[in-house]
Amino acid sequence: NTLEMLDISWFTDSMGAGKPTQTTCPEQSDPVPVSKVAAISQYACQRRTTLNNKNKIFTDALEILAENCEFNENERSYVVFARATSVLKSLPYAISSMTMLEGLPNMEVQPRAIIEEILEDGKSSTVESLLCDERYKATKLFTSIFGVGLKTADRWYRLGFRTLEEVQAAKDLKFTKMQKAGLMYCEDISSFVNKAEAHAVGQIIEKFVHKCVPNATVTLTGGFRRGKEIGHDVDFLITCPEEGKEEGILHKAVHSLPQGLLLYYDIIESTMEKNKIPSKQYDVMDKFQKCFMILKLNNTLVQNSDLNLHSESGIKLAYETAEPERQIESKDWKAIRVDLVIVPIQQYAYALLGWSGSRHFERDLRRFSYHEKRMNLDNHVLYDKTKKVFLTAKTEEEIFAHLGLEYIEPWERNA
Ligand code: DCT
Ligand code: MG
């Protein structure tokens, strides 16, 4: 609903609230006073962003530039490009002139220049040259490998490597267990997971979790919960209605999976208890026990499970969501990246909100909580700094209510 998306009533911008700024109506080219058109919040958690992106031509370009800033660890510029991208994604109309940017939040000089270039030439020369840049290309390629972060990618680049073949053939490179698996299954993993495959994986996980604890719940989260057709992995939260019953479930479930099904796994123990020293530090999102794995998904299971789930529409969906360029494989399985997160029931709503994403939506939820409400939000809890209390919540709706925010559905969080 267009009007709902532009609803001014929940606009709270500490930077410029109440200021009579000028903005432009989508259909008009002349600026009109802000009172005539609804304002858009600077925070993604106060905007509804579906997957129906009307400004893809701009956001694709800006996302590449944001990504490059991340590669260069230029946090400030990353934020500038990411925020502009996110605002454009939320608009229910396409930008067709520079005057239409007036009054929009987060439209700083750098993203404006790119938008202007695209409006004039249909493309951005800055982005075009970046796409040909050796360092950008190598960093993009190397960080797409499971287990390879910026540090490793940079090291490989500085050693002169440019392709995966070169990396794999290198005699004196040492790989972690995770990187070995990432390189071994890189073709499958980089071809993305589709919805039907994600549901099939869900059924497998559920079956083995239920064998251990019959009333445990397995919830699909991440991009698929936001309605995305494809993702780089499948994320699940696992919890039990009885407090503490979730302990031990992960080891039991993982070890009961048939040998051939598990191509790789790594269990990260919970660091919730203060006396437990974090063993591995590559995940800083939360302290939950989790498992990063690569599953061997048999193709027959995808169609079968999809038929079970969607009855009549199942087969159609399986083909529709397949990547258009994907080669028809001769092998009858696909390696799929899966994340399992074990969450105590008291923290479940916060974990679900945190793991549903998008990354930018989460970032802005925390920024809004901190700057507008004097509250600290993370994947476990919400802390009110004024009242000095932890706010409990059983549902995501309760968390939004604590923050004084209108509820945003998961499929409206594609910021
Ligand atoms: N997340 C976050 N901050 C990060 C990384 C992740 O808040 N730095 C949250 C948001 C999404 C969720 O965790 C799962 O992460 P991903 O699987 O990386 O994201 P996704 O949205 O599921 O993307 P994809 O569809 O590509 O898997
Ligand atoms: Mg994901």
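To keep it simple, each residue is scored yes or no on (1) at pLDDT 90 or above; (2) among the small types (Gly, Ala, Ser); (3) surrounded by fewer than 18 Cβ atoms within 10 Å (Cβ to Cβ).
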| residue | (1), (2), (3) |
| --- | --- |
| Gly223 | yes, yes, no |
| Ser256 | yes, yes, yes |
| Lys280 | no, no, yes |
| Ser305 | no, yes, no |
| Arg326 | no, no, yes |
Exercise. Is there a residue in region 227-241 that is touching a helix residue (DSSP H, G or I) at 6+ places or on another chain (Cβ under 8 Å), within 16 Å of ligand 1 (Cβ to nearest atom) and among the aromatic types (Phe, Trp, Tyr)?
Worked result: yes
Exercise. Under the condition of being acidic (Asp, Glu) and closer than 19 Å to Ala415 by Cα, which residue from region 220-256 is farthest from ligand 2 (Cβ to nearest atom)?
Worked result: Glu229
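The rows are residues; the columns are (1) touching a Ser or Thr at 6+ places or on another chain (Cβ under 8 Å); (2) in contact (Cβ under 8 Å) with a residue 24 or more places away in the chain.
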residue: Lys171; (1), (2): no, no
residue: Lys177; (1), (2): no, yes
residue: Ser190; (1), (2): yes, yes
residue: Leu220; (1), (2): no, no
residue: Lys228; (1), (2): no, yes
residue: Glu242; (1), (2): no, yes
residue: Asp266; (1), (2): no, yes
Exercise. Which one of these does Asp332 not meet: (1) within 16 Å of ligand 2 (Cβ to nearest atom); (2) acidic (Asp, Glu); (3) over 24 Å from Leu237 (Cα atoms)?
Worked result: (1)
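Inside region 338-375, can you point out the residues that are among the aromatic types (Phe, Trp, Tyr), over 27 Å from Lys296 (Cβ atoms) and within 15 Å of ligand 2 (Cβ to nearest atom)?
Listed by number, the list holds a single entry, Phe361.
Within region 343-356, which residues are outside any helix (DSSP H, G or I) and within 15 Å of ligand 1 (Cβ to nearest atom)?
Passing the criteria: only Val343.
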Exercise. Looking at this structure, is Thr217 of a type outside the set (Phe, Trp, Tyr), out of contact with any helix residue (DSSP H, G or I) (no Cβ under 7 Å at 6 or more places or on another chain) and closer than 20 Å to Val341 by Cβ?
Worked result: yes
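The values are calculated or read from the model by the stated rules, or taken from the named source; none is laboratory data. Predicted model only: the values in this text are computed from it and were never measured. With ideal geometry, Cβ positions are generated from the backbone for all residues, glycine too; neighbour counts draw on all protein chains shown.
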